[in-house]
Amino acid sequence: MKKWTSLVSLCALFLGLQSYAQDNSIDLKFDQLISTIKTEKSILERTESFENHSSLLNALRAVDLDKVLDYKGEFTVFAPSNLAFQKLSESTIDKLFDPENKRILRAMLSYHIIADKLSASSILKAMCRGNGIATFTTIQGEAITATMKGIDIVLTDKFGNHATITTADSNQSNGIIHEIDTVFVPEKML
């Protein structure tokens, strides 16, 4: 009986290791496949074609960040939808789009951009490695923290503002777009 127990245990261990190796190779192949899917449009060109991002596009153009998102670098944009902009008060929108506050609007929009290509799966992997929390630095130099709420990825800035990714992984030639449901408006800016 002792011989059979050892043999069965060894077989179970072997099958477990084989299954683990196969699962990891599938993940690797899937990640490689996703990363090789290319689009000919830049983040800016795709944003121009998304009717749901016209408010974001107008804001980007007002502060010349549209030119940055047309470069060949790798970017991740957490793109507030038009509905997200509609959540802002009229007075806040007026302040942000006042030509005298161009610097403030540029800084606010910079909270939504990371100089790296982060797919939803890479954000999730970073959260797994960080015990459910991952932090990313925006081009503004501020941290955005990613956590999970149910099945949603929730982003939080240092002031406690929250945004949920509603549509993930719009791959572009120079990065990736994740649509979010809230505009990050850091308190110190207004």
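In contact with a Ser or Thr (Cβ under 7 Å, 6 or more places away or on another chain) and of a type in the set (A, V, I, L, M), is that true of ILE104? Let's see the steps before the verdict.
On the way: in contact with a Ser or Thr (Cβ under 7 Å, 6 or more places away or on another chain): no; of a type in the set (A, V, I, L, M): yes.
No.
Under the condition of being within 13 Å of ILE123 (Cα to Cα) and open to solvent by less than 30 Å² (accessible area, probe 1.4 Å), the residues counted in the range 139-158 number 5. Please indicate, with yes or no, whether at least one residue in the range 159-174 is open to solvent by 30 Å² or more (accessible area, probe 1.4 Å), closer than 23 Å to LEU69 by Cβ, free of Cβ contacts under 8 Å to residues at least 40 places away in the same chain and of a type in the set (Gly, Ala, Ser). No. Pairs linking a residue in the range 102-120 that is polar (S, T, N, Q) to a residue that is part of a helix (DSSP H, G or I) and surrounded by 19 or more Cβ atoms within 10 Å (Cβ to Cβ), with Cβ atoms under 9 Å and 6 or more positions apart or on different chains, are SER110/LEU65. Restricting the range 110-138 to residues that are more than 10 Å from the chain's Cα centre (by Cα) and among the basic types (Lys, Arg), the residue that is surrounded by the fewest Cβ atoms within 10 Å (Cβ to Cβ) is ARG129.
The values are calculated or read from the model by the stated rules, or taken from the named source; none is laboratory data. These numbers were taken from a predicted model, which means no experiment stands behind them. Every residue, glycine as well, gets a Cβ built from its backbone with ideal geometry; the counts of neighbours run over all protein chains shown. Only protein heavy atoms, including side chains, enter the accessible area calculation; ligands, DNA and RNA are left aside. Shrake-Rupley method; radii C 1.70, N 1.55, O 1.52, S 1.80 Å.
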